[in-house]
Amino acid sequence: MTPEDSLFEIAEIAIGLAGFSGLVAAFVQQAGHVWRVEQKARIVFLIVMSFGTIVAALAPPALSGASSSPAIIWGVPMVAFSVFCVVLLVQWIRLTRRHAMKLLFPQYSIPIMALAMGLQVANFLSGIGWMLPYSPTLFVFGFLTILVFGANMFLALLQSIWE
């Protein structure tokens, strides 16, 4: 499978993650459940992360029609997505600290977040041409770590609802 094919699959997975998050929100709200702050934050985080992932995954194929330069096709989406993800992850850390949210599955969440953050930094450096210039494979791995973090977040949402 080429990195370009992987991007379409990643976009589909992100759509599924957003859809399942929406379904959980709809069914739980219908049952008369009152949302807690951390549950609302997780839903919003999952939706924002999913749509950002979809846009970034579809950007390289869209940009390939406008330019043949790897700096445009891969570099621009890599830089944009890595900045988006780092900001999102930092905001998540700040939000959990500010509202004293309980970190569910810390033995998995912390290493996943650290790996995701590290790969986003590597993607940024690749996107600006400093390290493995414009590497589609690195870009795909960056997406995968964010999707794994999103799946972990989704499981934490389900756990917080079932408590």
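The values are calculated or read from the model by the stated rules, or taken from the named source; none is laboratory data. Keep in mind that what you see is a predicted model, and the values were worked out from it rather than measured. Positions of Cβ are backbone-derived with ideal geometry, glycine not excepted, and every protein chain shown enters the neighbour counts.
Things to note:
- Yes/no for L147 being more than 12 Å from the chain's Cα centre (by Cα) and closer than 25 Å to V24 by Cβ: no
- The condition of being surrounded by 13 or more Cβ atoms within 10 Å (Cβ to Cβ) and out of contact with any strand residue (DSSP E or B) (no Cβ under 6 Å at 6 or more places or on another chain) holds for only one of L23, L7, that being L7.
- Residue within region 68-76 that is without any contact (Cβ under 8 Å) to a residue 40 or more places away in the chain and either touching a strand residue (DSSP E or B) at 6+ places or on another chain (Cβ under 8 Å) or not small (G, A, S) (or both) present: yes
- Inter-residue pairs, beta-carbon under 7 Å, first closer than 17 Å to S64 by Cβ and in region 7-21, second among the aromatic types (F, W, Y) and assigned to a helix (DSSP H, G or I), 6+ apart: I10/F143
- For Q120: the one exception among (1) modelled with pLDDT of 90 or more; (2) exposed (fewer than 15 other Cβ atoms within 10 Å of the Cβ); (3) polar (S, T, N, Q): (2)
- For first residues located in region 95-123 and on the phi > 0 side of the Ramachandran plot, partners that are surrounded by 12 or more Cβ atoms within 10 Å (Cβ to Cβ) and part of a helix (DSSP H, G or I) and lie 6+ apart or on another chain with Cβ distances below 8 Å form the pairs F105/N152; F105/L155; F105/A156; F105/Q159.
Residues checked against (1) modelled with pLDDT of 90 or more; (2) closer than 16 Å to M153 by Cα:
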{"residue": "M1", "(1), (2)": "no, no"}
{"residue": "V34", "(1), (2)": "no, no"}
{"residue": "V37", "(1), (2)": "no, yes"}
{"residue": "K40", "(1), (2)": "no, yes"}
{"residue": "I47", "(1), (2)": "yes, yes"}
{"residue": "T96", "(1), (2)": "no, yes"}
{"residue": "Y108", "(1), (2)": "no, yes"}
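- Here I161, I110 are screened, and the one residue that is closer than 17 Å to Q91 by Cα and assigned to a helix (DSSP H, G or I) is I110.
- Matching residues in region 57-100 - criterion: being surrounded by fewer than 18 Cβ atoms within 10 Å (Cβ to Cβ) and of a type in the set (G, A, S): A62, S64, G65, A66, S67, S68, S69, A71, A80, A100
Yes/no matrix, rows are residues, columns are (1) over 20 Å from E4 (Cβ atoms); (2) modelled with pLDDT of 90 or more:
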position	(1), (2)
V55	no, yes
L58	no, yes
A62	no, yes
G65	no, no
I73	no, yes
V76	no, yes
V83	yes, yes
V90	yes, yes
K102	yes, no
